[in-house]
Amino acid sequence: MKKKQTGIASGLVIVLLVGWQLFFGEGFNKSKNDNSQEPSQEQVIKNEQTDNSQSNQQTGKIPSFTSLANAKSNYELKDVDLNNPPRFAKIAVANIRSVDGDTFVIYSGSSEIRLRMLMVDTPESVKKGMPVQPFGKDASNYTKNALKKGNVSIAFDQGEVKDQYDRYLAYVFVGRDSLQGLLLENGLGVVRYINAGGDTYQKDFLNFQDKAKSVSAGAWSKNDYIKKTNRYYYFDYDSK
């Protein structure tokens, strides 16, 4: 009788153990599996950054001028179709010949690419039939020396990539410095030729110009040399 009771007790213990394993084991494994599917905090952040990056590209988000200036070059000139270039992205360029303060030539293979700086006009220094204008040589020499430093890149706005003279229109950077901004800050250029689609950073350029104007730098030191319309500034060559 005692052995029979012991056998029954052992059977009950086995049943209880099997039941416990079936009930609690399944829950534990489910919890473990559920937790293994949850991404880590690091992965969540990484995914958010990826999503934001893709969203910016899809929505065509425009960077601030400071962000564009501080960015690294995204492309090499040889890999870009200049008739349909990337917008608001730096393109590294080399083999440059300066023409005057706001224009230069880029050589790429057998191609000669003429480039005009967006929204900035410098006094004439090489225009046919026109004598060198005040501060024209200063602006030309400034641009020439800046481009000699290397690490030059260009970036296109969202509008037309060429003007009526078949010159490409772009922002120009030497390292992280805006060449247009430097010309404006030193009073060697004015904000001009503002066209829709090529005027994203007009306010930034006006701020650069205001710095020169406030201290009468460069051409601003010459009375009545710089005039203003309701849309832009220009050099009055008849006032010299």
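Filtering region 85-118 down to residues that are under 23 Å from G159 (Cβ atoms) and among the hydroxyl-bearing types (S, T, Y), which residue is least open to solvent (accessible area, probe 1.4 Å)?
Here the answer is T103.
Would you mention how many residues in region 119-131 are outside any strand (DSSP E or B) and open to solvent by less than 70 Å² (accessible area, probe 1.4 Å)?
6
Given the condition more than 14 Å from M119 (Cα to Cα) and either within 13 Å of the chain's Cα centre (by Cα) or touching a residue at least 60 places away in the same chain (Cβ under 8 Å) (or both), answer yes or no: does some residue in region 177-186 qualify?
Scanning region 177-186, I find at least one residue that is more than 14 Å from M119 (Cα to Cα) and either within 13 Å of the chain's Cα centre (by Cα) or touching a residue at least 60 places away in the same chain (Cβ under 8 Å) (or both), so the answer is yes.
Filter region 182-216 down to residues that are touching a helix residue (DSSP H, G or I) at 6+ places or on another chain (Cβ under 6 Å), in a loop (DSSP other than H, G, I, E, B) and not aliphatic (A, V, I, L, M) and give me whichever is surrounded by the fewest Cβ atoms within 10 Å (Cβ to Cβ).
The residue in question is N186.
If Y225 satisfies every condition in (1) closer than 25 Å to V105 by Cα; (2) surrounded by 13 or more Cβ atoms within 10 Å (Cβ to Cβ); (3) touching a residue at least 24 places away in the same chain (Cβ under 8 Å) but one, which is the exception?
(1)
A quick yes/no check of all residues on (1) at pLDDT below 95; (2) of a type outside the set (A, V, I, L, M, F, W, C):
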position: L184; (1), (2): no, no
position: V190; (1), (2): no, no
position: N195; (1), (2): yes, yes
position: D199; (1), (2): no, yes
position: K211; (1), (2): no, yes
position: S221; (1), (2): no, yes
position: F235; (1), (2): no, no
position: D238; (1), (2): yes, yes
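For the subset of region 204-239 comprising residues that are out of contact with any strand residue (DSSP E or B) (no Cβ under 7 Å at 6 or more places or on another chain) and among the aliphatic types (A, V, I, L, M), which member is nearest to Y193 (Cα to Cα)?
Only one residue fits best here, namely A212.
Kindly establish whether L82 is open to solvent by 10 Å² or more (accessible area, probe 1.4 Å), at negative phi and either out of contact with any helix residue (DSSP H, G or I) (no Cβ under 8 Å at 6 or more places or on another chain) or in a strand (DSSP E or B) (or both).
Spelling it out, L82 is indeed open to solvent by 10 Å² or more (accessible area, probe 1.4 Å), at negative phi and either out of contact with any helix residue (DSSP H, G or I) (no Cβ under 8 Å at 6 or more places or on another chain) or in a strand (DSSP E or B) (or both).
Being in contact (Cβ under 8 Å) with a residue 40 or more places away in the chain and farther than 23 Å from Y193 by Cα is the filter here, so list the residues in region 83-121 that pass it.
Once the filter is applied, which keeps residues that are in contact (Cβ under 8 Å) with a residue 40 or more places away in the chain and farther than 23 Å from Y193 by Cα, region 83-121 yields A92, V93, A94, I96.
Has region 173-180 got any residue that is at pLDDT 95 or above and either in contact with an Asp or Glu (Cβ under 6 Å, 6 or more places away or on another chain) or part of a helix (DSSP H, G or I) (or both)?
Taking region 173-180 and keeping what is at pLDDT 95 or above, we get 173-180.
Going one step further and asking which of them are either in contact with an Asp or Glu (Cβ under 6 Å, 6 or more places away or on another chain) or part of a helix (DSSP H, G or I) (or both), we end up with 179-180.
Yes: region 173-180 contains one or more residues that are at pLDDT 95 or above and either in contact with an Asp or Glu (Cβ under 6 Å, 6 or more places away or on another chain) or part of a helix (DSSP H, G or I) (or both).
State yes or no: is A155 within 29 Å of the chain's Cα centre (by Cα) and outside any strand (DSSP E or B)?
No.
For every residue, the table says whether it meets (1) assigned to a loop (DSSP other than H, G, I, E, B); (2) over 30 Å from V132 (Cβ atoms); (3) touching a Pro at 6+ places or on another chain (Cβ under 7 Å).
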{"residue": "A69", "(1), (2), (3)": "no, yes, no"}
{"residue": "S73", "(1), (2), (3)": "yes, yes, no"}
{"residue": "K78", "(1), (2), (3)": "no, yes, no"}
{"residue": "A89", "(1), (2), (3)": "yes, yes, no"}
{"residue": "Y107", "(1), (2), (3)": "no, no, no"}
{"residue": "R116", "(1), (2), (3)": "no, no, no"}
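The values are calculated or read from the model by the stated rules, or taken from the named source; none is laboratory data. All figures in this text were calculated on a predicted structure; none of them were measured in a lab. A quick note on method: Cβ atoms are made from the backbone with ideal geometry, for glycine too, and the neighbour counts reach across all protein chains shown. Keep in mind that these areas ignore ligands, DNA and RNA; they rest on the heavy atoms of the full protein, side chains included. Shrake-Rupley method; radii C 1.70, N 1.55, O 1.52, S 1.80 Å.
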